[in-house]
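Notes for the one structure printed next.
Laboratory data are not the source of any read-out in this text; all were calculated from the coordinates shown. From a predicted model like this one, the values you see are computed outputs, not experimental measurements. Cβ placement follows ideal geometry from the backbone for every residue including glycine, while neighbour counts extend to all protein chains displayed.
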Amino acid sequence: MSSDTTKKLMRSIDQQLAYRTVFENSLVGKLITDDQDIIRACNQAVRKMFGQDLIGENEFDWVWPEDRWGLKKQVEKRKKGDSSKYEISWRRKDGERIFTRVLAVPILDSQGKYIGNFGEVENITELREITERARTTAILRMFAQNATATIHNLNHNTGIGMGYIGLLLEHETDPKKRKQLLEVLKSLDNIDFIAKNYLSLGRSTSGQRERCDLSVLVRETTDYLSKSGFLQGHQIVKEIYSPLPVRADKTAIQQALINIFKNSKEAIGEKTGVISVGARISTEGYAEFYIEDNGCGIPGRNHDRIFQIYTTKETGSGIGLYTARDTLVSHNGYLFVDWSEINKGTRILGGMPLIELRVEPGKRKERNT
């Protein structure tokens with residue numbers, strides 16, 4: 001960039017920044033680049049968006065790799081004097097991907113020569129995630145509703161298959177054959193789990209709601225999983241306050257709890273673990289529960305991602321926590337990672353409105369091993 005062009009751009013920047021306070025404090029990101037794509041000015045919103053000051057940086061160094069070609073085409077438009085509005089993604093300082101909507105206006109000198117660009121950058125990452133989640137939910141719910149009969153049939157036949165495998169295991173003594181039968185049983189169990197969750201999607205907004213006690217649902221689900229052998233070998237600590245009156249689809253809520261327990265069990269792996277389960281009244285007046293494990297933990301960047309159709313496991317559909325949150329949200333509630341630390345564990349917290357806000361909680365604390 002020649003010194004003459006630099007001077008012209010800096011004069012233009014001074015004009016653009018005549019109302020510097022407005023520029024700096026705008027909630028929308030604002031930046032100015034020169035004719036070599038170097039960022040010469042940016043405001044607080046841009047610094048917050050990217051996690052650092054970008055002045056002196058080349059914008060192509062921060063665009064997401066697969067979007068570089070798109071940015072190149074937009075820059076070519078600017079150099080022809082055309083303004084444009086487009087969506088593009090960038091890399092933050094911490095490596096996270098952010099999605100933005102950009103309004104780019106070319107800066108021209110008195111002879112009409114391109115000397116830079118003024119851009120407004122709006123972070124639409126959260127909006128994009130909400131839209132994508134809503135679209136995915138709608139597709140899956142439509143699938144679940146239309147495929148209910150098929151899935152019920154699949155679920156029925158899977159149950160029959162699991163029963164026959166169980167009978168064979170009772171009489172089989174050969175270790176190799178027992179191992180093979182257990183693998184088949186595990187696969188059928190996974191099919192059964194996925195089928196039940198797709199059915200939950202279809203009924204999460206239409207299931208029958210009735211008055212029930214969340215603390216009872218939490219306790220009964222925990223006891224059922226303990227007695228069935230699902231949580232065998234793990235220490236279970238229960239701290240349950242009752243009553244917690246809510247209006248809910250009991251089957252859907254219990255399936256959501258099973259999904260969270262399943263995630264905890266998989267996070268613990270082969271070792272002997274501790275799973276803490278609680279139910280209480282939150283400070284906001286919600287009936288609240290938590291399930292905490294001492295498993296592998298969840299990286300911070302995945303705290304929200306695990307509630308999407310997503311998995312880091314070699315096996316599994318990634319649908320369990322997705323349908324669990326979907327169920328809680330359909331009950332005007334919530335589900336999120338309350339705490340997690342790598343190699344130390346995770347606590348998942350969920351809740352829904354109480355029918356009666358003024359409830360005198362009675363405390364019950366149990367310890368099972």
Original post:
Roughly speaking, what is the stretch gain from Val184 to Glu270, that is 0.36 nm per residue apart minus the C-alpha to C-alpha distance, in nm to one decimal?
Top reply: 29.0 nm
**OP:** Can you tell me the order of 60-71, 214-225 when each peptide is scored by its average per-residue count of other Cβ atoms within 10 angstrom, highest first?
**Re:** 214-225, 60-71
Subject >> Other-chain or far-sequence residues with amide H under 5 Å of Ser340's (modelled H) >> reply: Arg347
Subject >> Highest to lowest packing among 174-187, 241-254, scored as the average C-beta count within 10 Å >> reply: 241-254, 174-187
**OP:** Please work out how much length the chain gains when fully extended from Leu169 to Thr283, using 0.36 nm per residue of separation minus the C-alpha to C-alpha distance, in nm with one decimal.
**Re:** 36.1 nm
Original post:
In nanometres, what is the gap between the two model label sites at Glu24 and Asn302, each 7 Å from Cα along Cα-to-Cβ?
Top reply: 4.2 nm
**OP:** Provide the FRET efficiency to the nearest 0.05 for the Thr251-Lys177 pair, computing r from the beta carbons and using R0 = 41 Å.
**Re:** 0.70
Original post:
Considering only DSSP beta bridges with both partners in region 208-369, what is the antiparallel share in %, to the nearest 5?
Top reply: 85 percent
Original post:
Within region 174-189, whose backbone N sits under 14 Å from a point 7 Å along Cα→Cβ of Ile160?
Top reply: none
Original post:
Want the number for Ala134 to Gln235: 0.36 nm per residue separation, take away the alpha-carbon distance, what's left?
Top reply: 32.6 nm
**OP:** Quick one: net charge around His171, please, counting Lys, Arg +1 and Asp, Glu -1 for every other residue with C-beta under 14 Å from its C-beta.
**Re:** -1
Original post:
Applying 1/(1 + (r/R0)^6) with R0 = 56 Å to the Cβ-Cβ distance of Phe60 and Arg209, what FRET efficiency is obtained, to the nearest 0.05?
Top reply: 0.55
Original post:
What is the pair-distance distribution P(r) of region 208-369, computed from all Cα-Cα distances in 5 Å bins starting at 0, with each bin given as a whole percent?
Top reply: 2, 9, 19, 23, 21, 15, 8, 2, 0, 0
Subject >> Residue pairs, from the table Lys48/Lys344; Lys176/Lys262; Lys93/Lys265; Lys186/Lys265; Lys48/Lys85; Lys30/Lys79, whose Cα atoms sit over 25 Å apart >> reply: Lys48/Lys344; Lys176/Lys262; Lys93/Lys265
**OP:** Hey, can you grab everything whose amide H is under 5 Å from the amide H of Asp249? Only 5+ residues off in sequence or another chain; H modelled, so Pro and N-termini drop out.
**Re:** Glu210
Original post:
In what sequence, highest mean first, do 75-83, 115-123 appear when ranked by Cβ atoms within 10 angstrom?
Top reply: 115-123, 75-83
Subject >> Rounded FRET efficiency, nearest 0.05, which uses the C-beta distance separating Tyr86 from Asp223 and R0 of 56 Å >> reply: 0.50
Subject >> Three-way shape call for region 3-123 based on the alpha-carbon gyration tensor, with the a/c threshold at 1.5 >> reply: oblate
Original post:
Once the other residues with Cβ under 9 Å from the Cβ of Met352 are scored (Lys, Arg +1; Asp, Glu -1), what is the net sum?
Top reply: 0
